[in-house]
Amino acid sequence: MTSLSLDGLRREYGATVAVDRVDLEMQQGELVALLGPSGCGKTTTLRMVAGFVAPTSGRVVIGGRDVTAAPPYARDTGMVFQGYALFPHMSVAENVGFGLEMRRVPRAERGARIAEALRLVRLEGLAERRPAQLSGGQQQRVALARALVVNPAVFLLDEPLSNLDARLRAEVRVEIRALQQRLGLTTLFVTHDQEEALTMADRLVVMQGGRVRQTGTPEEVYERPADLFVAGFIGSCNILRGVVEAPGAFRAGAMALPCAGGAPGERAALVVRPERIAIGPEGRLPGRIDLVTYLGGTTEWHVTTDAGALRVSQKTPDAADPRRLLRRGDGVMLDWRPEAGRLLSDSNEGEQA
Amino acid sequence: MNESGRAAGRPVAALVLPAVVLVLLMMVAPMVLLFRYSLNIFSPTELMIQALTARNYLSAVTDPYYLAVMATTIRMAVLCTLIALAAGFPAAYTLARMRGRWKAWLTLATVFPLMVGNVVRAAGWMTLLGNAGLLNAALKASGLFPDPVQLMYTPMAVALGIVTVVLPYMILTLASVIEGIPRGLEEAALNLGARPLTVFRRVVLPLALPGVVAGSALVFILCMNAYATPILLGGPQFTMMAPAVYDQFVKTTNWPFGAALAFILLAVTLALTLAGRALLQRRRHPA
C-alpha cells in the first residue's frame with residue numbers, strides 16, 4: 001500500500017527554483033532518506049510534506065488523500081525537528097501527550113499511551129521533568145516519542161541526529177531504525193550524512209540543485225550510481241575521463257582499461273570504487289605509489305598511473321604479505337574486474353561535490 | 001570563575017557609579033524630601049508648618065472626592081492596559097515574526113509616535129474629536145447626525161488618547177519576548193494537530209507571558225500617572241490622580257496634602273502592579 005506519494009513537486013522562491021519535479025512513492029513501513037548537500041532542496045521537500053511550505057505545483061498524497069492544500073494540523077504526519085522543538089513550558093509527559101490531547105484522546109487512555117511511548121524510547125521515570133532538565137540525547141528521544149505516540153501515517157525526521165555527538169549519533173541511529181522497523185513506521189528522513197543514509201534507509205533519494213538525481217536502495221545507488229554527482233556524493237570514487245574503444249574497453253591516456261559495456265566512440269567517465277581495485281605485482285595498469293595511509297583495518301594507497309591518479313583501498317594485508325612493504329616511489333600493478341568499472345556520461349558536476 | 005569574576009567586579013561597579021549618583025541625587029533625595037513634606041501641616045498663611053502627622057493621608061483616604069478620583073484613575077489605567085495588550089499582541093507578533101527590511105521599517109513606524117510629545121498629540125485628537133472637528137464634520141456631511149456628537153471631554157476620548165501614547169511601549173516589550181520563542185515550537189504544535197488559535201493559547205501565549213507581565217506593568221504605571229492626556233481630552237469634569245496632585249501643588253499651594261496624594265498614588269500603583277504580576281504568574285504555574 002502506498003503511504004506517501006509526491007507527484008511532480010515544485011517550489012519556487014522568486015526566481016529561484018528550490019525544488020523541481022520531485023516524484024516519490026513510499027510503501028507502508030518503508031524508510032526513505034532524502035540525501036544531498038545543503039541547499040539541495042531536501043528540507044524544503046520535507047516541509048512541503050508536513051505542510052509548512054506550499055508547493056508551487058505538484059501534489060502531496062498521504063494515505064490516498066490529496067493533502068496538497070491541507071494545513072499542517074490536518075495532515076497525519078509526525079515530525080521530529082532538527083532542534084527537537086520541545087515545548088519548554090511543559091513537562092516531558094505533557095509534551096508527549098500534546099498530540100493526543102489535540103486528537104481528543106480521553107485522559108485515561110492518554111496516560112497509558114504516553115507511558116508506552118516513553119517506554120519505547122527508554123525514558124520511563126523522566127515524565128515529570130522539563131525539557132531543559134534533560135540531556136541532548138534524552139531531548140531527542142522525547143521528540144521521537146512525541147511524534148510517534150499519535151501513530152502518524154508518515155513519520156518525518158529533519159536531520160534528527162545533527163545535534164548529537166558522534167558516539168551518541170551511531171547509537172541513536174540504530175535505535176531509530178529498530179523502532180521504525182518494529183512499529184512499521186513509514187518514515188521520510190532528511191540528512192546530509194551519506195553514512196547515516198546508507199545505514200538506515202531502505203531507499204535513498206539523492207538530491208542536488210532541487211532535483212532528484214537518483215532514487216534507489218543503498219546498494220543500487222552505491223554500486224550503480226546514475227551520474228557523476230551521485231558517484232562522488234555517496235562514498236568515494238576514482239573518476240577517469242576518456243573514450244570507449246570497444247565494449248568493455250575504455251581508453252584513458254595511453255591505457256586501455258576494463259569497464260562494463262559502453263558504445264564505441266562514446267566520450268565517458270569511468271568510475272571505480274577504491275576498494276574494488278586490486279593492488280600487487282600482477283595486473284593490467286602499472287603505476288607508482290605516491291602515498292601510503294595506514295588506517296588500521298584498511299590501508300589506502302595513492303597511485304599515479306598513465307591513466308591518471310587513483311586511490312586504492314584494501315583490507316590491511318597480513319604482516320607476511322609483500323604489499324605491507326610497499327612504500328612511496330615503489331612500482332605496482334593495478335587491476336579491477338570489468339563490472340567494477342562503471343561508465344557514466346562525462347560532465348564536470350561530479351567534481352563540484 | 002571566582003577569581004576573574006572578583007577581578008572583573010570592580011570596574012563594573014565603577015561603571016554603574018554615575019547612574020547610582022544621579023538616581024540618588026535626582027530621584028531619591030526629592031522623594032525623601034517630598035515624603036517629609038507629606039507629614040507637615042498646611043496653613044493658608046504660612047503654607048507649611050513643620051510637624052509629624054498622618055493627617056494628610058487620613059483626610060485623603062477618607063475624602064469621597066479623592067476616592068472617586070482614584071477609582072476613575074484605576075479604572076482608566078486598567079481599561080487602557082487591557083486595550084493596549086489586546087491591540088498590541090497581534091502587532092507585536094507580526095513584528096517579531098517579520099524578517100529583513102520591512103521589519104526595520106515597521107519597528108521605526110512603531111516608535112515614531114513617541115517622537116511627538118503628548119501635548120501635541122492630544123492637540124491633534126482635539127482637532128479630530130472636537131464639536132467642530134474633523135469627525136463631527138464628516139458625521140454632519142453624511143447627514144446621519146445633523147447635530148455635533150459629544151466626542152471630546154469624554155472618558156472614551158481620554159482612553160483613546162492614553163492608549164495611543166502607551167501602545168508603542170507594549171508592542172516593543174512584547175515583540176522582544178516573542179522574538180525569543182522559536183518558530184519551530186509553533187510548527188511542532190501545528191504538526192501535532194493544533195489549530196492556529198490553539199497554538200497561540202497553548203504555546204505562544206504561555207511563553208510570551210514574561211512579556212505580557214512586563215509590558216502590562218510598564219503600561220499600567222504610565223496610565224496611572226497620565227497627566228497631559230486626561231487634562232486636554234478629559235476636560236474639567238474628568239479628573240485623574242496626576243492632575244489632582246498637580247492642582248494641590250500649584251493651584252492651592254497645599255504641598256503637604258499634594259505630597260500625601262502623590263505617595264498614595266505611588267503606593268496604589270505599586271501594589272496593583274505587584275498584584276497583577278502575581279496573578280499572571282500564578283496562571284503560568286497552575287497548582
Could you count how many residues in segment A:33-54 are in contact with a Ser or Thr (Cβ under 7 Å, 6 or more places away or on another chain) and more than 23 Å from B:Ala194 (Cβ to Cβ)? 3
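Against the condition surrounded by fewer than 16 Cβ atoms within 10 Å (Cβ to Cβ) and not small (Gly, Ala, Ser), how does A:Leu295 come out, does it pass? Write out each step before concluding.
Values: surrounded by fewer than 16 Cβ atoms within 10 Å (Cβ to Cβ): yes; not small (Gly, Ala, Ser): yes.
For A:Leu295, the condition - surrounded by fewer than 16 Cβ atoms within 10 Å (Cβ to Cβ) and not small (Gly, Ala, Ser) - is met.
Among residues belonging to segment A:114-149 that are among the basic types (Lys, Arg) and surrounded by 18 or more Cβ atoms within 10 Å (Cβ to Cβ), point out the one that is farthest from the other protein chains (Cβ to nearest Cβ).
Taking segment A:114-149 first, the residues among the basic types (Lys, Arg) are A:119, A:122, A:129-130, A:141, A:146.
Next cut, surrounded by 18 or more Cβ atoms within 10 Å (Cβ to Cβ) only: A:141, A:146.
Values: A:Arg141: 15, A:Arg146: 7 Å.
Out of the qualifying residues, it is A:Arg141.
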Taking strands (runs of 3 or more DSSP E) that fall entirely within segment A:288-340, which contain at least 2 residues that are in contact with a Ser or Thr (Cβ under 8 Å, 6 or more places away or on another chain) and more than 24 Å from A:Ala256 (Cα to Cα)? A:298-305
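Quick test for you: out of A:Glu25, A:Glu30, pick the one residue that is touching a residue at least 60 places away in the same chain (Cβ under 8 Å), acidic (Asp, Glu) and closer than 27 Å to A:Glu219 by Cα. Steps first, please.
Details: A:Glu25 fails: touching a residue at least 60 places away in the same chain (Cβ under 8 Å).
The match here is A:Glu30.
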Go through the residues of segment A:249-272 one by one and say whether even a single one is modelled with pLDDT of 90 or more and within 30 Å of A:Leu120 (Cβ to Cβ). no
Filter result (at pLDDT 90 or above and not in a helix (DSSP H, G or I)) within segment B:91-140: B:Met98
Cross-chain or 6+ apart pairs with Cβ under 6 Å, segment A:276-299 first and under 18 Å from A:Ala252 (Cβ atoms), then among the small types (Gly, Ala, Ser): A:Arg276/A:Ala340; A:Arg288/A:Gly331
Return the total of residues in segment A:39-59 being away from chain B (no Cβ under 14 Å), outside any helix (DSSP H, G or I) and out of contact with any Lys or Arg (no Cβ under 8 Å at 6 or more places or on another chain). 3
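Answer with yes or no whether A:Arg107 is more than 10 Å from every other protein chain (Cβ to nearest Cβ), without any contact (Cβ under 8 Å) to a residue 12 or more places away in the chain and closer than 26 Å to B:Pro206 by Cα.
On the way: more than 10 Å from every other protein chain (Cβ to nearest Cβ): yes; without any contact (Cβ under 8 Å) to a residue 12 or more places away in the chain: yes; closer than 26 Å to B:Pro206 by Cα: yes.
So A:Arg107 fits the description; yes.
How many residues does segment A:254-299 contain that are touching a His at 6+ places or on another chain (Cβ under 6 Å) and hydrophobic (A, V, I, L, M, F, W, C)?
Taking segment A:254-299 first, the residues touching a His at 6+ places or on another chain (Cβ under 6 Å) are A:290-291.
If we keep only those that are hydrophobic (A, V, I, L, M, F, W, C) as well, we get A:291.
The qualifying residues number 1.
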Which residues, taken from segment B:136-159, are surrounded by fewer than 16 Cβ atoms within 10 Å (Cβ to Cβ) and aliphatic (A, V, I, L, M)? B:Ala137, B:Ala138, B:Ala141, B:Leu144, B:Val149, B:Met156
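So that you can scan it fast, the table gives a plain yes or no per residue for (1) within 14 Å of chain A (Cβ to nearest Cβ); (2) under 24 Å from A:Pro88 (Cα atoms); (3) surrounded by fewer than 22 Cβ atoms within 10 Å (Cβ to Cβ); (4) at pLDDT below 95:
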residue	(1), (2), (3), (4)
B:Gly161	no, no, no, yes
B:Leu174	no, yes, no, no
B:Ala189	yes, yes, no, no
B:Leu192	yes, yes, no, no
B:Pro196	yes, yes, yes, no
B:Ala208	yes, yes, no, no
Kindly list, by first and then second residue, each pair from a residue in segment A:62-90 that is closer than 15 Å to A:Asn151 by Cβ to a residue that is assigned to a loop (DSSP other than H, G, I, E, B) and of a type in the set (D, E, K, R), limited to pairs with Cβ atoms under 8 Å and residues at least 6 apart or on different chains. A:Ile62/A:Arg75; A:Ile62/A:Asp76; A:Gly63/A:Asp76
Count of residues meeting criterion [under 16 Å from A:Ala143 (Cβ atoms) and touching a Pro at 6+ places or on another chain (Cβ under 6 Å)] in segment A:66-83: 3
Is it true that some residue in segment A:235-250 is buried (at least 22 other Cβ atoms within 10 Å of the Cβ), under 13 Å from the mean Cα position of the chain (by Cα) and under 30 Å from A:Gln27 (Cα atoms)? no
List, please: which pairs have Cβ atoms under 8 Å, are six or more places apart or on different chains, and start with a residue in segment B:66-79 that is more than 19 Å from B:Leu218 (Cβ to Cβ) and end with one that is among the polar types (S, T, N, Q)? B:Val69/B:Thr239; B:Thr72/B:Thr239
Exactly one of (1) under 33 Å from the mean Cα position of the chain (by Cα); (2) surrounded by 18 or more Cβ atoms within 10 Å (Cβ to Cβ) is unmet by A:Val332. Its number? (1)
Per the filter on segment B:109-122, residues surrounded by 10 or more Cβ atoms within 10 Å (Cβ to Cβ) and not β-branched (Val, Ile, Thr) are B:Ala109, B:Phe112, B:Pro113, B:Leu114, B:Gly117, B:Asn118, B:Arg121, B:Ala122
Restricting attention to segment A:69-104, which residues are in contact with a helix residue (DSSP H, G or I) (Cβ under 6 Å, 6 or more places away or on another chain), over 17 Å from A:Leu156 (Cα atoms), of a type in the set (Gly, Ala, Ser) and within 13 Å of another protein chain (Cβ to nearest Cβ)? A:Gly97
Taking the conditions exactly as written (of a type in the set (Phe, Trp, Tyr), closer than 17 Å to B:Thr94 by Cβ and within 14 Å of another protein chain (Cβ to nearest Cβ)), does B:Phe112 satisfy them or not? no
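The values are calculated or read from the model by the stated rules, or taken from the named source; none is laboratory data. Nothing here was measured: the structure is a model prediction, and the numbers come from that model. Note: ideal-geometry Cβ built from the backbone for every residue, glycine included; neighbour counts use all protein chains shown.
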